[in-house]
Amino acid sequence: MNTVSPTAAARSTPSSPVIPRLDQPEALLEAMLLIRAYELRLSTHSAQSGTPGTCTAVGQEAAAVGVVSALTADDLILTNHRSAGHLLARGADPGRMMAEVLGRRDGYCKGKSGSLHISVRELGVVLTSTIVGGELSLATGVALSQTMLGRPGIVACFFGDGAAGEGIFHESLNLAAVWKLPILYVCENNQWQAFVHRRETMVGESVAAWAAPYGIASATVDGNDVEAVSAAARAATDSIRDTGKPFLLELSTYRLRGHFEPDDQAYVNAAELAAWQARDPIERMKTRLLAGGGFTAGDLDGIGTRVAARIDAAMAFAEASPWPDATELLTDIYA
Ligand SMILES: Cc1ncc(C[n+]2csc(CCOP(=O)(O)OP(=O)(O)O)c2C)c(N)n1
């Protein structure tokens, strides 16, 4: 007789986080599929439960996976409100992430952070900033501390094109250049700044160009091509490790869903959205693998099935996780 209750089985799902090796095309695709499935499942949950949901980065998976694939275990990550992809690519457990978003005790921050403040110390994910641009200023301090303590890891700082329009972007780049800080600035230029198109707020087309006045090297890459992002991120991290100086990588991509959940995207130009849907990073990678990577449709189905099972287990784990006890309300709040 099976003596394990479904609830207990669901709660035993997560294992210790392991930083995955994202050095094979199959691993890159699987990581992107995991992120996509995770975000869509949470969006559905949000719609069905009537609770406001998180900010997804559907369509931006190649940016997250490509950059994280270039990081080593010593490296640190600071991220923003659209962080799920960065965490999952780094090896965060989807069940514990979902538990966090649902406010449950088994979440990475015991249900106190939700998606907007989540951190995972054991994976080097220092923080998520919901203050747009906050991650830029805090990366300066984290990288300075790495340098002063003689630690080898570089600091990857993810931010949006909207954050790049803030003064703190320029203040941070200036100090990072003066102090020669090992920061990989990753601008995920997804064309949107909440409900405002970047065309309405940006002079020119390039955030990367704003690095030059500070003497910071930069590159712009197709952010919907995971292998191109991975190669560019490896070149950028090599440059930081060789020179000790910061680097700005701009990833041109698109936010296919709304700013947050739910969002009817009534403000989005339909033709522009369709053009970017046709450049979906996951479909592009699948096509590439089928065309020349030695993969069959059956292989890809197998990856999809594996991912779907992980997400089912993750949601079951999160929903089975208990609510935090009221006595914990004021613990772990201040360092
Ligand atoms: C300092 C600050 N201003 C405004 C907001 C509200 N807000 C949240 S996300 C967002 C858009 C940010 O755009 P971008 O940096 O391009 O990131 P994206 O949402 O496109 O990923 C805004 C204005 C905030 N959280 N913090």
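Every number here is computed from the coordinates shown, using simple stated rules; none is lab data. Here the structure is a predicted model, which means the values were calculated and not measured. In this analysis, Cβ positions are derived from the backbone assuming ideal geometry, glycine residues included, and neighbour counts consider all displayed protein chains.
Based on DSSP H segments of at least four residues, each scored -39500 (n - 2.57), the chain has a per-residue ellipticity at 222 nm of -14000 deg cm²/dmol. Going by alpha carbons, how many degrees (0 to 90, nearest 10) lie between the helix axis of 281-292 and the longest principal axis of the chain? Roughly 90 degrees, rounded to the nearest 10.
In this structure, the amide hydrogen of VAL125, modeled 1.01 Å from its nitrogen in the peptide plane, lies closer than 5 angstrom to those of ILE77, VAL120, counting only residues at least 5 positions away or on a different chain.
About its Cα centre, the chain has a charge dipole of approximately 420 debye under the convention of +1 per Lys or Arg Cβ and -1 per Asp or Glu Cβ, with nothing else charged.
The alpha carbon centroids of segment 69-99 and segment 104-148 are separated by 10 Å. Dividing the mean sequence gap of close Cα pairs (under 8 Å, 6+ apart) by how many residues the chain holds gives a relative contact order of 25 percent.
Summing Lys, Arg as +1 and Asp, Glu as -1, what charge do residues with Cβ under 12 Å from the Cβ of SER46 carry, SER46 excluded?
Values: positive: ARG41, ARG257; negative: GLU39, GLU261, ASP263.
That sum, taken over residues with Cβ under 12 Å, equals -1.
As a rough footprinting exposure proxy, the listed residues TYR334, TYR38, TYR185 were ranked by other beta carbons within 10 Å of their own, and the order from fewest upward is TYR334, TYR38, TYR185. Applying the Karplus relation 6.51 cos²θ - 1.76 cosθ + 1.60 with θ = phi - 60° to segment 242-259 yields 3J(HN,Hα) values of 6, 9, x, 10, x, 8, 10, 10, 9, 10, 7, 8, 8, 8, 6, 9, x, 4 Hz, where x marks Gly and Pro.
For LYS245, a cut-off of 19 angstrom between C-alpha atoms picks up these lysines, skipping any fewer than 8 places away in its own chain: LYS180. Put simply, segment 21-316 fits an ellipsoid with semi-axes of 28, 21, 21 Å; these come from the alpha carbon gyration tensor as the roots of five times its eigenvalues, largest first. Report the antiparallel proportion of the DSSP beta bridges in the chain as a percent, rounded to a multiple of 5. Antiparallel: roughly 10 percent of the beta bridges in the chain.
To the nearest 20 debye, what charge dipole does segment 13-81 have about its Cα centre, counting +1 at the Cβ of each Lys and Arg and -1 at the Cβ of each Asp and Glu?
That gives segment 13-81 a dipole magnitude of about 260 debye.
Test of understanding: ordering LYS180, LYS286 by Cβ neighbours within 10 Å, fewest first, what list do you get? Kindly include the intermediate steps, with their values, before the conclusion.
Working: LYS180 13, LYS286 20.
Going from least to most buried by this count: LYS180, LYS286.
Within the same chain, aspartates and glutamates fewer than 8 places from LYS286 are excluded, and of the rest, those with a Cα less than 17 Å from its Cα are ASP23, GLU26, GLU30, GLU61, ASP222, ASP225, GLU227, ASP299, ASP301. Within the straight-line cut-off of under 17 Å between alpha carbons, the aspartates and glutamates reachable from LYS110 are ASP93, GLU100, GLU122, GLU319, ASP325, GLU328, ASP332, sequence neighbours fewer than 8 places apart in one chain being disregarded. Shown for THR327, THR253, THR201: other C-beta atoms within 10 Å of each C-beta, ranked fewest to most, produce the order THR327, THR201, THR253.
Within segment 84-141, the ratio Rg/Rh, alpha carbon atoms throughout and Rh by Kirkwood, equals 0.97.
Taking the charge dipole of segment 20-111 about its Cα centre, with +1 at Lys and Arg Cβ atoms and -1 at Asp and Glu Cβ atoms, the residue from PRO25, LEU78, MET97 reaching farthest to the positive side is MET97.
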